[in-house]
Amino acid sequence: MTELKLTNVSKRYGNNVEVLRDINLEINQGELVVFVGPSGCGKSTLLRMIAGLEKISGGTLEIDGVRVNDFPPSLRGIAMVFQSYALYPHMTVRENMAFALKIAKKSKAEIKEAIDNVARILQLEPYLDRLPKALSGGQRQRVAIGRSIVRDPKVYLFDEPLSNLDAALRVATRLEIAQLKEQMPDSTMVYVTHDQVEAMTLADRIVVLADQSIAQVGAPLALYERPNNEFVAQFIGSPAMNLLSGTISATGPQTTIRLDSGGTARSNVPSSAAMQGAAVNVGVRPEDFSLGDANAIADSGSAAALFSGQVDITEALGEVTLLYLPAENGRIIVKLPGIHQGLRGQNIALYADPAKVHIFLAGQSLLTYKDHA
C-alpha cells in the first residue's frame, strides 16, 4: 500500500511567490526516498510541508490513505531529524530519547525497553548517561536519529542530517544510516540532501527538484544512465555531463550528429526521419570518453573524433585524473581512471561508445521526447 501520497501539492508565499507547484509523488512503505536539487529548489520546504511545519497552499497530502493537510505535526505519525541535532543540552542521551515517550505517557518499562533497543541499534549504549556536550558530532546526530526511532512513527523525515559533519564523519554516519535502514525494512524514510553521494548510495528512489517542480523520479542508477532532460543529466554525476551542440545528420536505429565543434558523434538512441537536421545537444559523461592522439589521427586521415583539442588543465586526484579542454561554451571535462602524467599541453582526440552518448532535443532526452517516433 502507499504510505505517503502527494497530489498536485503546491506552496506559495503571498500571491506572487510560488515555491512549489504540481508535486505528484507516491512513496511506498519501506522506501527510502531522497529529495535532491539546487539551493532554493524547495526540497526542505517540501519536507517541512510533509511534517506539518509549513502549510500546504494547494493539493492533498495523504498518509496511509488519510488526508492530513490540516493535521498538526503531532498527529501525523511522523518523526523528523533536523540538520542541527536540536538536542536538549541539559538532558542526558537517555533523557533526550525518553522525552517524547514521557509526553505520550508511556510506562517506565516501555520507555526503558524502547531506549535500550534503539541504543543497541545505534551503538549508543556507552553514552546513555552523557550530556550532549560530551558527545562528538556524529554521536549527537545518532542521538537525534534515536530520539525519532523510539517514537515508532509511520514516516521518518531527515533534513540534511549530515551536512554539519566533517568529511570522514559524514561517510561513517552515512553508512550507519544505510545499516539502520536494513534493520528497519518496513520503515518509510524521506531524506533531503544536497550531496549526490548520499543520494546515490542511500536512496531506493531519488526525486530531483527543479523550477518549482519535479524534474525526474527514479532509482539512482536509472537517473544516472537515463536522464530525462539536460538538467538531471548535469545535476546527477560529478563532474557534470558534457554537452556539445550539433545537428542530426543521419537518422535511424543509430543517430549521427555533426557537432558544431567539427566532430562527429554517434549514438544508439534511435531517431525518426523527421528529425533530420534538428538542432540537438549531445551529452557524454566525463568518465565515458576514451582518448586518441589528435595529431596522429589528422595525419592518417582516420574517422573524425567526437571532439579534438588541447589539454590546458589537469587535476591528478590519485584514483582518477581530470583533463580540461577549452570548448566554445566553456570546457570539456574528461575523467580517466588512475594516474596519467604528461598530458597537459597535448592535443588529444575524444571518442565515446555510441551506447554512452545521450541526445537532447529542446532540453529533453530524445528517448522521452514527446514527438519521438
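Here are some residues: Ile115, Ile103. Which one is more than 29 Å from Arg205 (Cα to Cα), free of Cβ contacts under 8 Å to residues at least 12 places away in the same chain and among the aliphatic types (A, V, I, L, M)?
Ile103
What is the residue count in segment 145-166 for residues that are closer than 18 Å to Gly52 by Cβ and assigned to a helix (DSSP H, G or I)?
Of the residues in segment 145-166, 2 are closer than 18 Å to Gly52 by Cβ and assigned to a helix (DSSP H, G or I).
Would you mind finding the one in Val81, Val36 that is in contact with a His (Cβ under 8 Å, 6 or more places away or on another chain) and in the same structural domain as Ala199 (by TED's automatic domain parsing)? If you could, list the steps in order and put the result at the bottom.
Numbers: Val81 fails: in contact with a His (Cβ under 8 Å, 6 or more places away or on another chain).
Being in contact with a His (Cβ under 8 Å, 6 or more places away or on another chain) and in the same structural domain as Ala199 (by TED's automatic domain parsing) holds for just one of Val81, Val36, which is Val36.
I need the full set of residues from segment 60-118 which are basic (Lys, Arg) and over 29 Å from the mean Cα position of the chain (by Cα), in order please.
Arg94, Lys102, Lys105, Lys106, Lys108, Lys112
Can you pull out every residue in segment 79-118 that is in contact with a helix residue (DSSP H, G or I) (Cβ under 7 Å, 6 or more places away or on another chain), on the phi > 0 side of the Ramachandran plot and not aromatic (Phe, Trp, Tyr)?
Ala86
For segment 243-256, does any single residue satisfy the condition of being on the phi < 0 side of the Ramachandran plot, touching a Leu at 6+ places or on another chain (Cβ under 8 Å), surrounded by fewer than 17 Cβ atoms within 10 Å (Cβ to Cβ) and not hydroxyl-bearing (Ser, Thr, Tyr)?
Among the residues of segment 243-256, not one is on the phi < 0 side of the Ramachandran plot, touching a Leu at 6+ places or on another chain (Cβ under 8 Å), surrounded by fewer than 17 Cβ atoms within 10 Å (Cβ to Cβ) and not hydroxyl-bearing (Ser, Thr, Tyr), which makes the answer no.
Just one of the numbered conditions (1) surrounded by fewer than 16 Cβ atoms within 10 Å (Cβ to Cβ); (2) within 30 Å of Val232 (Cβ to Cβ) is not true of Lys102; which one?
Every condition holds for Lys102 apart from (2).
Scan segment 5-24 for residues that are among the hydrophobic types (A, V, I, L, M, F, W, C) and either within 19 Å of Leu202 (Cα to Cα) or without any contact (Cβ under 8 Å) to a residue 40 or more places away in the chain (or both) and jot them down.
Val17
Give the residue, chosen from Leu169, Leu175, that is touching a residue at least 12 places away in the same chain (Cβ under 8 Å) and more than 22 Å from Ala114 (Cα to Cα).
Leu169
Exactly one of (1) in contact with a Ser or Thr (Cβ under 6 Å, 6 or more places away or on another chain); (2) surrounded by 12 or more Cβ atoms within 10 Å (Cβ to Cβ); (3) modelled with pLDDT of 90 or more is unmet by Asp116. Its number?
(1)
Quick one: Arg142 ticks every box in (1) part of a loop (DSSP other than H, G, I, E, B); (2) closer than 27 Å to Ser74 by Cβ except a single one, so which number is it?
Answer for Arg142: the failing condition is (1).
Per-residue answers, yes or no, for (1) buried (at least 21 other Cβ atoms within 10 Å of the Cβ); (2) in contact with a Ser or Thr (Cβ under 9 Å, 6 or more places away or on another chain):
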| residue | (1), (2) |
| --- | --- |
| Ser10 | no, yes |
| Gly14 | no, no |
| Val36 | yes, yes |
| Glu54 | no, yes |
| Gly58 | no, yes |
| Glu62 | no, yes |
| Gly65 | no, yes |
| Asp70 | no, no |
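The values are calculated or read from the model by the stated rules, or taken from the named source; none is laboratory data. Just so we're clear, the structure is a prediction, and the values are computed from it rather than from any experiment. Heads up, the Cβs are rebuilt from the backbone with ideal geometry, glycines too, and the neighbour counts pull from every protein chain shown.
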